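Single-structure report; data block below.
Read-outs: derived from the displayed coordinates by stated rules, not from any lab. Source: prediction; values computed, not measured. No Cβ is skipped: glycine too gets one built from the backbone with ideal geometry, and neighbour counts run over all protein chains shown.
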Amino acid sequence: MSQKYERKHKEDKPVVAICYDFDKTLSPDDMQAQGYIQDVDYDVQKFWEESNKLAKENDMDTNLAYMYKMVEEAEGNFILNKEELAKYGSKVNLFPGVKEWFGRIKEYGRQKHVIIEHYIISSGLKEMIEGTEMAKNHEFEKIYASSFFFNNRGVAKWPAQAINYTNKTQFLFRIEKGILDVNDTGVNEYFKPEDIRVPFRNIIYIGDSDTDIPCMKLVNTNGGHSIGVFDPDEKCKDKVYSMMRANRIKYFAPADYRENSQLDTLVKSIIDKTVTYETLEKYYEENKREMEDYLTIDPHRL
């Protein structure tokens, strides 16, 4: 008997999906480097060097390598379970305004009669992200991130999901069609353009680096909006300049999520544009249906 999955369907109002990387997009540093690595008595740089070396020597995905190393180094230090990982997630530093951002942008969308949905697409750890205040407040529609398989004693034993820069793109197609469960093969089904729940033109992708490029390129190519962010304290724009030069992003801004910041104004402007565009698209669809109905009665009329 085939499994039935809950799916989202096209709404009466336009839906804008805002997708975020996490590390160095919402937080100034890698989540693992904000307590976990230090608690297993490692220097942060040494941990990543050894993790990357493990990947290189074994033709291994770098995300699988860091997850293996996390499990290995936890042994003898503490039990690596969901509660422990969520505790580390609750302590991650966030860029200015992040905690208030998601609810405030949703409210702006409501005022404009647009549904705003926030999605995380990250190579970081789902269990840590679930420990953040925003996740506990159910600000995210869905969190797509690397995650562990936990045994019957609740201990992390094996990767359940490893998300790298290329397979991140699959989740954009899931969001587009409203088929959010990672095991739902319905994402491969054909949808008429008018039945697409979140057209790519209504997707905003916010990221910080090369690992976001496949998603940024996919969104840009299909009429959406890719935004590169940079640390407002460091003010180094080399990465965003490089991404813009290669047509990976349309815009860039400091990772400052406070009201009236450059990023805030930019995202609200995209929402405003969506309102106008979707009004025109609705006229087009109505006119097209009327024409098709007319030809159904007599295909030779025109």
Sorted largest first, the Cα spans of segment 164-203 on the principal axes come out in Å as 31, 21, 13
Using 7 Å Cα-to-Cβ label points, what is the E234/V71 separation (nm, one decimal)?
3.1
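Averaged across orientations, what area in nm² does the convex hull of the alpha carbons in segment 116-254 project?
Details: hull surface 40.0 nm².
That works out to 10.0 nm², a quarter of the Cα hull's surface.
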Of all DSSP beta bridges located in segment 1-159, what percent are antiparallel, nearest 5?
25
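Please label the shape of segment 211-266 as rounded, prolate or oblate, based on the square roots a ≥ b ≥ c of the eigenvalues of the alpha-carbon gyration tensor (a/c under 1.5 means rounded; beyond that, a/b larger than b/c means prolate, else oblate).
Values: a/c = 2.51, a/b = 1.41, b/c = 1.77.
Judged from the Cα gyration tensor, segment 211-266 comes out oblate (a/c at least 1.5, b/c at or above a/b).
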Largest first and rounded to whole Å, the semi-axes √(5λ) derived from the alpha carbon gyration tensor of segment 79-162 read 28, 14, 10
Say each of D210 and E83 gets a label point 7 Å from the Cα, pointing the same way as Cα to Cβ; how far apart are those two points in nm?
4.1
How large is the Rg to Rh ratio of segment 36-130 when both quantities use alpha carbon positions and Rh follows Kirkwood?
1.11
Once the other residues with Cβ under 13 Å from the Cβ of F230 are scored (Lys, Arg +1; Asp, Glu -1), what is the net sum?
-4
Rounded to whole Å, give me the distance from the Cα center of segment 246-274 to that of segment 131-210.
22
Would you mind counting up the charge near T274? Only other residues with Cβ under 11 Å from its Cβ, with Lys and Arg at +1 and Asp and Glu at -1.
+2
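Considering just Cα atoms, how many Å³ per residue does the convex hull of segment 22-84 enclose?
Working: hull volume 6.1 nm³, N = 63.
Spread over its residues, the Cα hull of segment 22-84 gives 96 Å³ apiece.
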Given N residues in the chain, what is its alpha carbon radius of gyration divided by 2.2 N^0.38 Å?
1.10
Charge tally in the Cβ shell below 9 Å around N77, where Lys, Arg are +1 and Asp, Glu are -1, N77 excluded
-4
Give me the one-decimal nm value for the distance between modelled label points at N222 and R258, 7 Å along each residue's Cα-to-Cβ direction.
3.6
